[in-house]
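The next block holds one structure in the form of structure tokens; read it before the comments.
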Amino acid sequence: MCLKKTAVLFLSLLLFLTQLFFARTVGAELTTKEALTTPETYSYLLLEEAGKKSGTESVKLIEKAIKVSPNDPAAYFELFDKTLSLQPQEFFHSLNHLFKGIAVYPRSFWWFFNLTGILSGALLTALVLIPIIIALTRLPLDIPLMAHEIQENTRTAGYLLVLIPSLLGPYYFLASLCFLSFLHLKERPRYAGYLLLIALMFAPLPTAYLNSYLSASSSPEIKAAVAVNEGRSNAYAIETLKAKKEIPLKFSYALALQKVGRIRAAAGEYRKLISLKKDPRFYINLGNCYAAMKRLNKAMDMYKTSISIKPLPSAYYNLSMLAREKLDFTAGDGYFQQASNMDFDRIAQFRELRNDTKTLDLMDEGLSTRELLLFAVGQGLKDAKIFSLNGPLVLMAFSLLLIVMLFMSRDSTAMATRCRKCGKLYCAACERRMPRGGMCTECFRSMISFESNPAERVDTIVKTHNYLKKRRRILNILSFTIPGITLLYGGRVFSGIFFSFIFLFSASALILSEFFRFNIYPYNHSWLTFVLALILILSYLSGNLYTMRRLKKGWL
Ligand SMILES: [Zn+2]
Ligand SMILES: [Zn+2]
């Protein structure tokens, strides 16, 4: 009885173990196949697995993920995370992984696209906010001056007409705000006005890029095309890209069909593509379809045709494989040599992943990240109207007009001035003599020429003291807000724009980096967040220190 029980137990254990063994081998085969058809998805699975483990085991899994999909920044960032240590030597070693991850951004569509989206979004935000901040700090000082000028001479109200084109769009409004804010600044600060107007002229550029970024991020076609070409998924493309007109989409569709083994359908698509455009890659992939149908001679013709258009390493590699298949080893070795001379790394990586498969494996061609990016941006710009009334060209003309007007009015005698000492407004019409040093006659008589009587002088000095005290209080309060605002208020426009630009750019990039991570979720640009936070803190501290020093010395 006891023996029977033990035997049953033993048998079931044996059964369980064999089942486990078979399950594992089946699983392994499945994953290798996945690693070849959808490497990026496989690498994500490995990363997920690595996240559950710790130590060398997880590091090994991540390294395998990098081998399968070497152009994916996520794996390098994970490796950096796992190997991060405070020991100097190891620290620099893991830092190297981080740099490698950043270096492969241009080879990974969504990582790169998200990064450029963040940067263009931040640039645009800073470009829009700076004229608004300048207007908010400068116009409360300048509107009374304008009112004074209009009182003296109603014709000066004409400057306000620049606000009318604001009806055409927000950039027109910003440009006219910019013009009005710089109208009462003289000499060097006025140059900042020209510069800002020129910068605003180009604001439609990041706007257009941001628009196409946002539309591409939600476009199923682009998502599907990228998924095929980067090896994330083929099924989605087959479903989404059927019967599209654009060549990159057609090519991605054909590639997806080929990858899932629908060879005849794929060959048909490639033939259609060849009738539209003589691209060597279409011939190479069509050749691979023929090879899969066992039509080896036809396949070799295709590779040779592709080489006559433009020699690619994949054509030579595939020729070498087929030559060996036909037992022509001399030719095979020759082609192989040519292929590895052209791009050794690509051949080596391709071979490494397939060293255990016995089947004939040929190299397919796909779209590069650059082509995908150009296509995505092009799709976004498709319906941009350059010549329309609120388009970039009219805005450019308007900004140029404002620059010319700003330049022409630089020495205008109709401009009112605020007394540096007491804050009184005066202009050439109401002040009989225009004293030097930015002071009104009253202050000049009391403090410089001593023409006025003692009672008057005391009166002026008290007024001056109160005015300057109030001004300093405002400057002190402002110096704790956005760095640069105090400088703008004090008329130091160049340094004010410099500090506020760095601050606003890094702050908005920091916020956008949390949202702009389309199709890379659950990963994020943590290195960027770190760098931006550092810049943000440094710009705040240095901007305020710079301002404070100038405040103390009374330069503002
Ligand atoms: Zn005065
Ligand atoms: Zn006046």
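Annotations for the structure displayed:
- Selection count, the range 46-101, where residues are aromatic (Phe, Trp, Tyr) and touching a residue at least 60 places away in the same chain (Cβ under 8 Å): 1
- Given (1) within 28 Å of residue 398 (Cβ to Cβ); (2) more than 16 Å from ligand 1 (Cβ to nearest atom), number of the condition residue 148 does not satisfy: (2)
- Annotation: residue 243 fulfils all but one of (1) in contact (Cβ under 8 Å) with a residue 12 or more places away in the chain; (2) of a type in the set (A, V, I, L, M, F, W, C); (3) surrounded by fewer than 16 Cβ atoms within 10 Å (Cβ to Cβ); the unmet one is (1).
- Lone unmet requirement of (1) more than 16 Å from ligand 2 (Cβ to nearest atom); (2) not in a helix (DSSP H, G or I); (3) not assigned by TED's automatic domain parsing to the domain that holds residue 185 for residue 471: (2)
- Filter result (more than 10 Å from ligand 1 (Cβ to nearest atom) and either surrounded by fewer than 18 Cβ atoms within 10 Å (Cβ to Cβ) or within 12 Å of residue 464 (Cα to Cα) (or both)) within the range 405-426: 405, 407, 408, 409, 410, 411, 412, 413, 414
- Close pairs from the range 257-270: first in contact (Cβ under 8 Å) with a residue 60 or more places away in the chain, partner outside any loop (DSSP other than H, G, I, E, B) and not aliphatic (A, V, I, L, M), Cβ under 6 Å, at least 6 apart: 259/37
This table checks each residue for (1) more than 16 Å from ligand 2 (Cβ to nearest atom); (2) farther than 26 Å from residue 185 by Cβ; (3) modelled with pLDDT under 90.
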site: 405; (1), (2), (3): yes, no, no
site: 413; (1), (2), (3): no, no, yes
site: 422; (1), (2), (3): no, no, yes
site: 447; (1), (2), (3): yes, no, yes
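- Residue that is more than 30 Å from residue 222 (Cα to Cα), surrounded by 13 or more Cβ atoms within 10 Å (Cβ to Cβ) and under 31 Å from the mean Cα position of the chain (by Cα), where the choices are 503, 518: 503
- Enumeration of residues in the range 64-108 that are surrounded by fewer than 17 Cβ atoms within 10 Å (Cβ to Cβ) and outside any helix (DSSP H, G or I): 70, 84, 85, 86, 87
- If you go through the range 493-545 and pick out every residue that is under 28 Å from residue 41 (Cα atoms) and not basic (Lys, Arg), you end up with 18.
- Of the residues making up the range 372-404, those that are surrounded by fewer than 15 Cβ atoms within 10 Å (Cβ to Cβ) and either assigned to a helix (DSSP H, G or I) or among the small types (Gly, Ala, Ser) (or both) are 374, 378, 381, 384, 388, 393, 397, 400, 404.
- A residue that is part of a helix (DSSP H, G or I), free of Cβ contacts under 8 Å to residues at least 24 places away in the same chain, more than 16 Å from ligand 1 (Cβ to nearest atom) and touching a Phe, Trp or Tyr at 6+ places or on another chain (Cβ under 8 Å) occurs nowhere in the range 452-464.
The values are calculated or read from the model by the stated rules, or taken from the named source; none is laboratory data. No experiment lies behind these values; they were computed from the predicted model shown. Positions of Cβ are backbone-derived with ideal geometry, glycine not excepted, and every protein chain shown enters the neighbour counts.
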